[in-house]
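*Asks:* My questions all concern the structure below.
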Amino acid sequence: MNLFCSEGTELANIKQQKKRNLQNEKRRIKNSSVKSSIRTAAKKVVKATDLKDVKETKSTEQIQESYKIFVKIIDTAAGKGIIKKSTAARKKSRLAKKVNSAVATLNKTA
């Protein structure tokens, strides 16, 4: 049994609850978009730090720039309450380890 409203079907009869349902749907769509952009930015950082590709064309500036963009996106989302602050800190920490090891590898080979 589906309890959620979807595309024209409404469970609520009260005007205030109908409005709340519309607001919740708008927020759900916006939040899913922000979460998707977080995942995309994280994938870009992981791809930039991939050790197979690091030696070929990546520079430390490119890696750090992609990480900086990721941090900006995830901090904004955490500030707005889309994700928890501890989740944002954990994700930043894990990617920072990858960035630091990739930069160290590049500096060793250079």
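Coordinate-derived values only; no laboratory data. Bear in mind that the values here come from a model prediction, so they are computed numbers and not experimental data.
*Asks:* For the range 42-47, take each phi angle, set θ = phi - 60°, evaluate the Karplus expression 6.51 cos²θ - 1.76 cosθ + 1.60, and give the result in whole Hz per residue in order, putting x for glycine and proline.
*Replies:* 5, 5, 5, 5, 4, 5
*Asks:* Using only alpha carbon pairs under 8 Å that are at least six residues apart, calculate the relative contact order of the range 15-109 and give it in whole percent.
*Replies:* Relative contact order, the range 15-109: 33 percent.
*Asks:* What pairs from K26/K98; K18/K44; K26/K85; K35/K98; K18/K43 go past 28 Å between their alpha carbons?
*Replies:* The pairs that break the limit, which is 28 Å between Cα atoms, are K26/K98; K18/K44; K18/K43.
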